[in-house]
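Participant: Here's a structure for you.
The values are calculated or read from the model by the stated rules, or taken from the named source; none is laboratory data. Not measured: the values here are computed from a predicted model. Here the Cβ positions follow ideal geometry from the backbone for every residue, glycine too, while neighbour counts run over all protein chains shown. We work out accessible area using only protein heavy atoms, side chains counted, and drop any ligands, DNA or RNA first. Shrake-Rupley method; radii C 1.70, N 1.55, O 1.52, S 1.80 Å.
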Amino acid sequence: MHPRNKHLSGYDFPLLITHVPELKKYIVEKENGESTLNFADKSAVLLLNKALLLAHYGIKFWDLPEQFLCPPVPGRADYIHALADLLADDNNGQIPTGKSVRCLDIGTGANLIYPILGQSLYKWRFVGSDINKVAVKIAQNISMANRLEIKIKHQKQANAIFSNIINKTDYFDITMCNPPFHASAEEAQQGTQRKLKNLGLEKVKGKNALNFGGHAPELWCEGGELGFIKNMIVESASFKEQVGWFTCLVSKKENINLLTKVLKQYKVKDFKTVKMLQGNKQSRFLAWQY
């Protein structure tokens with residue numbers, strides 16, 4: 001994990017249980033006596049991440065309907081910390097903090113996780129967007145309940161990313177996105193089974209058994225991750241004067257070479273791939289600027 005990640009040393013389960021007592025029944029003991037969580041259980045995963053937000057990020061209320069994606073907080077925090085480092089590179093090595101730093105979270109989802117973490121860790125100001133009206137409403141409720149002053153916009157055009165969201169007078173220091181990684185529901189389920197296998201857990205039965213929850217368009221879209229990010233790069237060219245850095249998570253490393261070819265085609269000034277490591281999982285995001 002990133003060296004500034006609050007979860008670098010693992011989970012303080014006694015502390016987390018004081019914030020979310022229901023979490024206690026999902027704690028299991030490993031052979032070496034250490035406590036862990038039943039990560040195959042969707043309810044356990046939701047309660048864990050709720051507890052992390054309440055215990056470490058100043059959140060008082062956070063809840064999600066069952067069908068929406070529950071984000072793993074430590075990994076999401078790594079993306080925020082890495083973005084802070086990216087901004088620091090353009091600021092004499094100093095991480096810019098406070099409301100003067102404006103961020104746009106594309107596909108913020110009902111969970112509102114990136115704006116929550118970005119405000120808590122660096123006091124950045126956020127706008128979030130989503131095409132799902134229900135997700136927008138839930139995110140707005142979370143923002144209001146915690147007095148976060150995060151603006152959430154409904155993206156009314158299904159195939160648009162920045163259009164209708166970035167106004168003519170807007171400027172964002174950075175945009176971020178956790179795109180739909182898969183091209184179908186079946187592909188998303190296969191990804192979950194691989195995840196559970198890597199965790200050493202039993203195979204979960206049922207095609208809808210996604211341990212972190214989620215549904216289209218959170219998890220899959222036509223063209224999958226590659227098609228989505230290609231569209232993002234193409235559309236970003238129309239907003240090159242209004243954004244410092246465009247960034248997007250890329251789950252499949254084989255997509256990086258294909259995406260960098262698109263970036264070169266659109267003559268970006270600079271681009272880079274930033275790698276992140278959480279346990280045995282290698283993740284990365286692509287960043288570009290004009």
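Participant: List the GluC sites (Glu not before Pro) within region 1-87 that DSSP assigns to loop and that have no more than 10 neighbouring Cβ atoms inside 10 Å.
Facilitator: Answer in residue order: GLU31, GLU34, GLU66.
Participant: Can you say what percent of the DSSP beta bridges in the chain, counting only those with both residues inside, are antiparallel? Round to 5.
Facilitator: 50 percent
Participant: Report, by chain and number, residues whose modeled amide H sits under 5 Å from the one on GLY244, excluding near sequence neighbours (fewer than 5 apart, same chain).
Facilitator: Under 5 Å from the amide H of GLY244 lie the amide H atoms of PHE172, ASP173, ILE174, each far enough along the sequence or on another chain.
Participant: To the nearest 10 square angstrom, how much accessible area does ASP90 have with a 1.4 angstrom probe?
Facilitator: 100 Å²
Participant: Separate question: Kindly provide the trypsin sites (Lys or Arg not before Pro) of region 83-158 that DSSP labels as loop, not H, G, I, E or B, and whose Cβ sees at most 13 other Cβ atoms within 10 Å.
Facilitator: LYS99, LYS123, ARG147, LYS156
Participant: Order SER251, SER236 by their accessible area, 1.4 angstrom probe, all chains in place, largest first.
Facilitator: SER251, SER236
Participant: For GLN278, what residues show an amide H to amide H distance below 5 Å, using hydrogens built from the backbone and excluding near sequence neighbours?
Facilitator: Residues meeting the amide H criterion: SER283.
Participant: On a straight-distance basis, which lysines could pair with LYS133 in a cross-link, Cα separation under 17 angstrom, same-chain partners fewer than 8 positions away excluded?
Facilitator: Excluding near neighbours in sequence, the set is LYS151, LYS153, LYS156.
Participant: So who's got an amide H within less than 5 Å of the one on LEU37, skipping anything under 5 residues away but keeping other chains? H placed 1.01 Å off N, in plane.
Facilitator: Correct list: VAL28.
Participant: Along its three principal axes, how long is the chain when you only count alpha carbons? Whole Å, largest extent first please.
Facilitator: The Cα atoms of the chain stretch 54, 39, 36 Å along their principal axes.
Participant: Probe radius 1.4 Å, ligands and nucleic acids left out: which of VAL28, VAL243 has the largest accessible area, and how do the rest follow?
Facilitator: The residues order as VAL28, VAL243, largest area first.
Participant: If you put +1 on each Lys and Arg Cβ and -1 on each Asp and Glu Cβ, how big is the dipole of the chain around its Cα centre, in Debye rounded to 20? Don't jump to the answer; show the numbers that get you there.
Facilitator: On the way: 38 positive and 27 negative charges, 63 e Å.
The calculation lands at about 300 debye.
Participant: Largest first and in whole Å, give the semi-axes of region 51-126's equivalent ellipsoid, each being the square root of 5 times a Cα gyration tensor eigenvalue.
Facilitator: 24, 12, 11
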